[in-house]
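The structure appears right after this line, and notes come after that.
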Amino acid sequence: MDGTVEEREGSTRGSVRSGAYLSGEDETRDTHGAPKQADDEPTLPLRDFYPYIRCALCNGFFIDATTITECLHTFCKSCIVKHFFYSNRCPNCSIVVHQTQPLYCIRPDRQLQDIVFKMVPYLEEDERSRICAFYRLRGLDVPKPVPSPAAYPVKLPQRQKKDLVPQSVFTIPSELDVSLMLEFVGAEEGVENYKPLERKYVRVSGEATVRHVELFIRRKMELSENCKVDVVCGEHILEQYQSLREIYNTLGKNASQDGMLVLHFGLVLPTQ
């Protein structure tokens, strides 16, 4: 529909005052009028989180947060779609997302969007009001919000209720079907100023490629652009385009340990 992109234009997503504070308790004030929490929990101003919850294209808070799969940078959906009308590069890092169809390489980031809505007061309600006004102005039916699964309670037979075993609150999504162990083997002389990889166990989608692993390592270790990451599985140096599922299926048990795909990586300087 022609109004898909237009719907987001003119939005004042950053209209929440920057002095807002984040905390799990209701805010009270001390004798001097300063914000104080009932349990003395530390509070942080919302502006400290702006680099993580605002879109670099519109400078507003994320709406329909959408991530580029090639570089993992996130933008509002309407912002990045409009950007790809005239460019195939990421607005942040200028990497070529796709030679002809960059829209193939974006995915919604619903978890990040939920975080933004929880952090920014009234943002979700304001956005819903704007959507309703957009459709009514054009004489269209206002789409109903998608209810959460909890809105449809399922009645179980009495026998089935007894057989249910309490499960952990956290469940791993089915699409995250590959477990990785990332082993750092060292850095070439001349490579410096990098952080240790604190989290070497990762669960990812089998559709992810070696390039995504490299991007993850670069971000966590804060590597400079002139540093190259070589990823090895067994005795094979991996290419960036190879998917993790392909590697797992090809190398089999020789590439795994306790059900995890083991990848070794090192930091080297690019060849002149």
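Return the FRET efficiency for the residue pair Val185, Lys118: r is the Cβ-Cβ distance, R0 is 45 Å, and the value is rounded to the nearest 0.05.
Approximately 0.65, to the nearest 0.05.
The range 178-262: which GluC sites (Glu not before Pro) are DSSP loop and have at most 11 other beta-carbon atoms within 10 angstrom?
Numbers: sites: Glu183, Glu188, Glu189, Glu192, Glu198, Glu207, Glu214, Glu222, Glu225, Glu235, Glu239, Glu246; in loops: Glu188, Glu189, Glu192, Glu198, Glu207, Glu222, Glu225, Glu235, Glu239.
Passing sites in the range 178-262 are Glu189, Glu192, Glu198, Glu222, Glu225, Glu235, Glu239.
Cα centroids of the range 194-272 and the range 45-85: how far apart, whole angstrom?
Cα centres, the range 194-272 to the range 45-85: 26 Å.
Can you give the net charge of the other residues whose Cβ lies under 15 Å from the Cβ of Lys195, counting K and R as +1 and D and E as -1? Provide the component values of the computation, followed by the final result.
Numbers: positive: Arg199, Lys200, Arg218, Arg219, Lys220; negative: Glu192, Glu198, Glu222.
Cβ neighbours under 15 Å give a net charge of +2.
Note down the accessible area of Asp64, probe 1.4 Å, to the nearest 10 Å².
Surface accessible to solvent at Asp64 totals approximately 90 Å².
The values are calculated or read from the model by the stated rules, or taken from the named source; none is laboratory data. Because the structure is predicted, anything quoted here is derived from the model rather than measured. Methodologically, a virtual Cβ is constructed for each residue, glycine included, from the backbone with ideal geometry; neighbour enumeration extends over all protein chains shown. Just so you know, the surface numbers come from the protein's heavy atoms only, side chains and all, with ligands and any DNA or RNA stripped out. Shrake-Rupley method; radii C 1.70, N 1.55, O 1.52, S 1.80 Å.
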